[in-house]
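The structure appears right after this line, and notes come after that.
The values are calculated or read from the model by the stated rules, or taken from the named source; none is laboratory data. Just so we're clear, the structure is a prediction, and the values are computed from it rather than from any experiment. Positions of Cβ are backbone-derived with ideal geometry, glycine not excepted, and every protein chain shown enters the neighbour counts. Accessible surface areas use protein heavy atoms only, side chains included; no ligands, DNA or RNA. Shrake-Rupley method; radii C 1.70, N 1.55, O 1.52, S 1.80 Å.
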Amino acid sequence: MKKRVLLLLLVVLPFCLAAQSCSPNDDPLADETERPLPPSDPDDGEEDDTDNDNTDNDNTPMNREIIISIGDARYTATLEDNPTAKAFAALLPMTVTMTEMNGNEKYYNLNGNLPTDTFRPGTIHTGDLLLWGSNTVVLFYETFSSSYSYTRLGKIDNPAGLAAALGSGNVRVSFSPQ
């Protein structure tokens, strides 16, 4: 009887240990799957004396100018100086197909989430670049009133001709750093 118990322990114990070592809680990537950007290093040793350092460190200035291209039309936009815009800038360059909605906006759902700081703008203006929820980038080509909440990403500096460039259906749009 003692031999059977000992044999059972010798056979079963290694399987129990192996199963515990494969626990999903030990997966080093499990916590990283919902984060679109790498963590910042506040002590990277670099000076903060340039305006074109594009990192996600909240204390580091970034190049806030981007180019939005729609077919042959090119628009300069200025991003906000906030964590959401910094996270968005870190994704650039990016070319996406934006979906038409409501005859006043185009939107695209990002694969990951960006940080949010929502507000209700009341009036949305032509050229506003906003984030709805935590992953939907919206480019507005008409001015109108809205009760929805957004996080501000930026604004096209001179949106003249934006509605014509975007057209009435889905459209390919490129966002790139300047």
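Among the residues of region 99-123, how many are out of contact with any Asp or Glu (no Cβ under 8 Å at 6 or more places or on another chain) and in a strand (DSSP E or B)?
We begin by selecting, within region 99-123, every residue out of contact with any Asp or Glu (no Cβ under 8 Å at 6 or more places or on another chain); these are 99-102, 107-111, 114-120, 122-123.
Next, from what is left, pick out any that are in a strand (DSSP E or B): 99-101, 107-109, 119, 122-123.
Final tally of qualifying residues: 9.
Would you point out which residue out of Ser146, Ser174 is under 21 Å from Ile67 (Cα atoms) and among the small types (Gly, Ala, Ser)? First the steps, then the outcome.
Working: Ser146 fails: under 21 Å from Ile67 (Cα atoms).
Answer to the check: Ser174.
Report every pair of residues separated by at least 6 positions or lying on different chains whose Cβ atoms are under 8 Å apart, first residue within region 57-71 and polar (S, T, N, Q), second open to solvent by 40 Å² or more (accessible area, probe 1.4 Å) and at pLDDT 65 or above.
Pairs found: Asn63/Pro177; Asn63/Gln178.
Working only within region 95-111, note down all residues that are of a type outside the set (Asp, Glu) and open to solvent by less than 30 Å² (accessible area, probe 1.4 Å). Reasoning before the result, please.
Quick first cut of region 95-111, residues of a type outside the set (Asp, Glu) only: 95-99, 101-104, 106-111.
Of everything in region 95-111, those that are of a type outside the set (Asp, Glu) and open to solvent by less than 30 Å² (accessible area, probe 1.4 Å) turn out to be Val96, Met98, Asn104, Lys106, Leu110.
Quick check on my filter: what residues within region 138-175 are closer than 15 Å to Ala73 by Cβ, touching a Pro at 6+ places or on another chain (Cβ under 8 Å) and either hydroxyl-bearing (Ser, Thr, Tyr) or open to solvent by 10 Å² or more (accessible area, probe 1.4 Å) (or both)?
Residues satisfying the conditions are Tyr141, Ser174.
Under 8 Å by Cβ, and 6 or more places apart or on different chains, what pairs join a residue from region 157-178 that is free of Cβ contacts under 8 Å to residues at least 40 places away in the same chain with one that is part of a loop (DSSP other than H, G, I, E, B) and of a type in the set (Val, Ile, Thr)?
Ala163/Thr126
Give the number of residues within region 124-148 that are under 10 Å from Glu105 (Cα atoms), in a loop (DSSP other than H, G, I, E, B) and under 22 Å from the mean Cα position of the chain (by Cα).
Qualifying residue count, region 124-148: 3.
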